[in-house]
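Structure, as structure tokens:
The values are calculated or read from the model by the stated rules, or taken from the named source; none is laboratory data. As the structure is a computational prediction, the values presented were derived from the model and not from experiment. Cβ placement follows ideal geometry from the backbone for every residue including glycine, while neighbour counts extend to all protein chains displayed.
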Amino acid sequence: MSDAGSEQLFLSFSLDRERCLLEACAVVEVLAQDTPLDRLPGAPRWLLGTFSHRGRLVPVVDVASHLLGRETLKRRDTRLVVVEPMDVAVGLMLEGVSGLIRLDTSCCHELASVAITGALSGRVIDAEPGLLRWLEPHHLLPAAIAAGIGEGATR
């Protein structure tokens, strides 16, 4: 994470009515929502499947299914966003991806919980478009995926 009081570049997306941000440096690539996925029999509903990205097998998480209990809506602004928390690639199917925005993080405030699920910690940036939820990629991952990433990083 970067120090508060500096400008940073973010990828903007939405979770229902919440405008959310991921630091652009956490994003490896933004792909079309119709990227072909290999389904996994018996996988949880939030695990959409896997795909090969730059020679690596990448699991894809339906973030709306995981956090909101519903499938991601198939809209023009839905994207498959590849992130690499702790050097392990994970795909996030996100709605309302609106592009990159540069924000001054000096107006950032820590939150004990984020209203989306009531269990996420995060920060809020008070910016021109209103309050924006600044989330780390691991905030969007189911515990099973996050635990696997942590194990992979310690090997």
Just checking: which of the strands (runs of 3 or more DSSP E) contained wholly in the range 1-96 hold 1 or more residues that are surrounded by 17 or more Cβ atoms within 10 Å (Cβ to Cβ) and either touching a Phe, Trp or Tyr at 6+ places or on another chain (Cβ under 8 Å) or not β-branched (Val, Ile, Thr) (or both)? 7-15, 18-23, 47-53, 56-62, 79-83
Residues of the range 102-134 classified as modelled with pLDDT of 80 or more and crowded, with 17+ Cβ neighbours inside 10 Å, total: 4
Inside the range 97-108, can you point out the residues that are of a type in the set (A, V, I, L, M, F, W, C), under 16 Å from Leu31 (Cα atoms) and either touching an Asp or Glu at 6+ places or on another chain (Cβ under 7 Å) or assigned to a helix (DSSP H, G or I) (or both)? Val97
Taking interchain pairs and intrachain pairs at least six residues apart, which have beta carbon atoms under 9 angstrom, with the first residue in the range 55-83 and at positive phi and modelled with pLDDT of 90 or more and the second surrounded by 22 or more Cβ atoms within 10 Å (Cβ to Cβ) and outside any helix (DSSP H, G or I)? none
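So which residues in the range 1-17 are modelled with pLDDT under 90 and within 16 Å of Arg75 (Cβ to Cβ)? Before you say what the answer is, go through the steps one by one.
Taking the range 1-17 as the starting set, the residues that turn out to be modelled with pLDDT under 90 are 1-8, 15-17.
Scanning the range 1-17 gives Leu15, Asp16, Arg17.
Considering Ser52, Ser12, which residue is over 16 Å from His139 (Cα atoms), out of contact with any Asp or Glu (no Cβ under 7 Å at 6 or more places or on another chain) and of a type in the set (S, T, N, Q)?
On the way: Ser12 fails: over 16 Å from His139 (Cα atoms).
After applying the criteria, what remains is Ser52.
Does Leu40 fit the bill of being closer than 30 Å to Asp104 by Cα and at pLDDT below 95? It would help to see each step written out before you state the result.
Details: closer than 30 Å to Asp104 by Cα: no; at pLDDT below 95: yes.
No; evaluated as a whole, the condition is false for this residue.
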